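Participant: Got a structure here, written out as structure tokens. Questions coming.
The values are calculated or read from the model by the stated rules, or taken from the named source; none is laboratory data. A quick note: this is a predicted structure, and the numbers were derived from the prediction, not measured. Neighbour counts are summed over all protein chains in view; Cβ atoms, including those assigned to glycine, are modelled from backbone coordinates with ideal geometry. Heavy atoms of the whole protein, side chains included, go into the accessibility calculation; ligands, DNA and RNA do not. Shrake-Rupley method; radii C 1.70, N 1.55, O 1.52, S 1.80 Å.
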Protein chains: 2
Amino acid sequence: MKQEITIYAISDSLGGTSQKLLSAVMAQYPDLIFNNSYRFPFINKESELLDILQDAIKDDAVVISTLVDSHLAATAREFSRVNHLSYLDLMNPFFEIIKEKTGTQPIEVPGVLHRLDTEYFNKISAIEFAVKYDDGKNPQGFLESDLVILGVSRTSKTPLSIYLANKGYKVSNLPLIPEVPLPQVLDKVDRRKMIGLVCDPDKLAKVRSNRLDALGLTQATSYTDIEKIYEELDYSKKVFQKYQAHVINMTDKSIEETACIIEEHLKSLASK
Amino acid sequence: MKQEITIYAISDSLGGTSQKLLSAVMAQYPDLIFNNSYRFPFINKESELLDILQDAIKDDAVVISTLVDSHLAATAREFSRVNHLSYLDLMNPFFEIIKEKTGTQPIEVPGVLHRLDTEYFNKISAIEFAVKYDDGKNPQGFLESDLVILGVSRTSKTPLSIYLANKGYKVSNLPLIPEVPLPQVLDKVDRRKMIGLVCDPDKLAKVRSNRLDALGLTQATSYTDIEKIYEELDYSKKVFQKYQAHVINMTDKSIEETACIIEEHLKSLASK
């Protein structure tokens, strides 16, 4: 039987930071079961905090904190020390280093990360943009895009566009289909914005076949036929060449990795 | 002049965790300039690591590490100690606690978080689902959804759907327009899945007016008219009542906060 470990995540805001760290940590322990349903967002009273910490003792839990309020954080730290509770503070060690380096103190305002500021609204518009200009729905959007992603069916254009939109990029994408003429507006798009996605043909055949299964369809030959897939990919590579798109092979890469490659590519263009 | 602080983020994978923490930390220092362009993903050689740390000394930088390789992490820690470099390790303190609690060691495989596993593919399908069933495009999708989000124009249905899709939920949304009849399929949707978004009328008028500006349109009266907005919101509240939707007021709430409220709501339903 697998060993279990219980995590309490305490935050005076949403607790997104501790969830992100926790995901990265959990991935390193395939043989442990993490009981990660104890999340305590918006904690701002000492009494509330102490109740949670008492429960954590009962559950023999590890407590991770992203409290930005120094008084609450100190309370939690002291309580944990006295009661031998495993306690990990993600914010304060960083605050200490910044104080040491610059003499500056944090403003200690919870949730300031989720403030409805310009950056936030830019991100929201970028997401709406990506949904609106997904799947070549309106090729005029290419001209306003920071990135135009091209590729044959099932090369992850949509999730990649959305992921990059979450980072604030205005992204559109176009499926490449040999039988369908390319929109003329593509000729006017800045080549440096164009990304071409390719994938190993066998992998693509498998992904497409799974896709049809998921849709409850019987195998449509031309969509999953390996000869046809080779043809489609060849065609897409010609398009990439024509437009000098930056080509990325998606096989065995996650969306996050591909996005990271694209950002590095943009950085290298900017520094040229 | 604002004080500047340089951050080096070192990871043997993408470094997403340190970026998330860094965003939360930076938000606490509105008067500091963070120079955050030094990101070093996929570091797996000691020589590479030591070069970066040497540069960090020159730049008087703070180093944050999410290295999972214990040998590399120990090298960085020891180098930083000897050279008085500000160094923050996000993973190892957590690893230490888990070892103490369970005796288990991490597998130390970089990038395992981004593994192309079932969970990953579920997330990808959820994003594709949200894009496909955005804006009431195909109401049949409501029946397959984990959540159906309803609301008048500009109540953030799309970005909220995408954000929840990123967490793996299958989400569709429907704009409520008094003049357009509701799709019949709505009667068959499980009421517990329905979320209704409302917003303060004045706020909504402002958001819509900004929206038209952004689109370069002159003010369309009925869309931004406050009387009309009151009517629309009244209509939407009647729809929410009819379907017993869980109503959330979006005014002054970020997408992240609203999503958090929805997840808490789902949790409370599950525990009933």
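Participant: Quick one: count up the residues across segment A:210-266 that are within 14 Å of chain B (Cβ to nearest Cβ), surrounded by 15 or more Cβ atoms within 10 Å (Cβ to Cβ) and small (Gly, Ala, Ser).
Facilitator: 2
Participant: From the list B:Glu78, B:Glu128, B:Glu119, which residue is charged (D, E, K, R), within 11 Å of chain A (Cβ to nearest Cβ) and open to solvent by 60 Å² or more (accessible area, probe 1.4 Å)? Give the derivation first.
Facilitator: Working: B:Glu78 fails: within 11 Å of chain A (Cβ to nearest Cβ); B:Glu128 fails: open to solvent by 60 Å² or more (accessible area, probe 1.4 Å).
Every option except B:Glu119 fails the conditions.
Participant: Could I ask something else about it? Within the set of pairs 6 or more residues apart or between chains, which connect a residue that is farther than 19 Å from B:Gln19 by Cα inside segment A:148-174 to a residue that is part of a loop (DSSP other than H, G, I, E, B) and open to solvent by less than 10 Å² (accessible area, probe 1.4 Å) with Cβ atoms less than 8 Å apart?
Facilitator: Pairs found: A:Val148/A:Val189; A:Leu150/A:Leu176; A:Leu150/A:Tyr243; A:Gly151/A:Leu176; A:Val152/A:Leu176; A:Lys170/A:Ser145; A:Val171/A:Ser145; A:Ser172/A:Ser145.
Participant: State whether the residues of segment A:101-114 include one that is more than 27 Å from the chain's Cα centre (by Cα) and open to solvent by 70 Å² or more (accessible area, probe 1.4 Å).
Facilitator: yes
Participant: Suppose the filter is at the interface with chain A (Cβ under 8 Å from one of its Cβ atoms) and either at pLDDT 95 or above or open to solvent by less than 30 Å² (accessible area, probe 1.4 Å) (or both); does B:Leu49 pass it?
Facilitator: In short, no.
Participant: I've got another one for you. Which one is farthest from B:Leu176 (Cα to Cα) among residues in segment B:194-209 that are part of a helix (DSSP H, G or I) and open to solvent by less than 40 Å² (accessible area, probe 1.4 Å)? Show your work before the answer.
Facilitator: If we filter segment B:194-209 for residues that are part of a helix (DSSP H, G or I), which is where we start, we get B:201-209.
From what's left, open to solvent by less than 40 Å² (accessible area, probe 1.4 Å): B:201, B:204-205, B:208-209.
Values: B:Pro201: 15, B:Leu204: 14, B:Ala205: 16, B:Arg208: 15, B:Ser209: 18 Å.
Per the criteria, the residue is B:Ser209.
Participant: Test each condition in (1) within 21 Å of B:Val109 (Cβ to Cβ); (2) more than 12 Å from chain A (Cβ to nearest Cβ) for B:Gln19 and report the one that comes out false.
Facilitator: Among (1) within 21 Å of B:Val109 (Cβ to Cβ); (2) more than 12 Å from chain A (Cβ to nearest Cβ), B:Gln19 violates only (2).
Participant: If I ask for residues that are in contact (Cβ under 8 Å) with a residue 24 or more places away in the chain and open to solvent by 50 Å² or more (accessible area, probe 1.4 Å), which ones from segment B:52-68 would you list?
Facilitator: B:Asp55, B:Ile57, B:Asp59, B:Asp60
Participant: Let me ask something else about it. Of the residues that make up segment A:23-38, is at least one in a loop (DSSP other than H, G, I, E, B) and more than 8 Å from chain B (Cβ to nearest Cβ)?
Facilitator: No, the conditions are met nowhere in segment A:23-38.
Participant: Identify, from the list B:Ser268, B:Ser236, the residue that is assigned to a helix (DSSP H, G or I), among the polar types (S, T, N, Q) and farther than 21 Å from A:Gly16 by Cβ.
Facilitator: One residue alone meets the criteria, B:Ser236.
Participant: Something else about it: Say whether the condition of being open to solvent by 60 Å² or more (accessible area, probe 1.4 Å) and either assigned to a strand (DSSP E or B) or in contact (Cβ under 8 Å) with a residue 60 or more places away in the chain (or both) is met by at least one residue in segment B:178-193.
Facilitator: yes
Participant: Looking at segment A:81-91, which of its residues are polar (S, T, N, Q) and facing chain B (nearest Cβ under 10 Å)? Outline the logic, then answer.
Facilitator: Initially, segment A:81-91 is screened for residues polar (S, T, N, Q), giving A:83, A:86.
Answer for segment A:81-91, where residues must be polar (S, T, N, Q) and facing chain B (nearest Cβ under 10 Å): just A:Ser86.
Participant: Criterion first (open to solvent by less than 10 Å² (accessible area, probe 1.4 Å) and more than 7 Å from chain B (Cβ to nearest Cβ)) does A:Ser13 satisfy it? Give the derivation first.
Facilitator: Numbers: open to solvent by less than 10 Å² (accessible area, probe 1.4 Å): no; more than 7 Å from chain B (Cβ to nearest Cβ): yes.
Answer is no for this residue.
Participant: Among the residues of segment B:101-111, how many are in contact with a strand residue (DSSP E or B) (Cβ under 9 Å, 6 or more places away or on another chain) and more than 7 Å from chain A (Cβ to nearest Cβ)? So that I can check it myself, show each step before the final result.
Facilitator: Start the filter on segment B:101-111 by keeping residues that are in contact with a strand residue (DSSP E or B) (Cβ under 9 Å, 6 or more places away or on another chain), which leaves B:101-104.
Remaining after also requiring more than 7 Å from chain A (Cβ to nearest Cβ): B:103.
So the answer is 1.
Participant: Can you report the number of residues in segment B:122-152 which are polar (S, T, N, Q) and either in contact with a Lys or Arg (Cβ under 6 Å, 6 or more places away or on another chain) or assigned to a loop (DSSP other than H, G, I, E, B) (or both)?
Facilitator: 2
Participant: Sticking with this one: For segment A:153-174: of the residues being at pLDDT 95 or above and in a loop (DSSP other than H, G, I, E, B), which is farthest from the chain's Cα centre (by Cα)?
Facilitator: Of everything passing the filter in segment A:153-174, A:Lys170 is farthest from the chain's Cα centre (by Cα).
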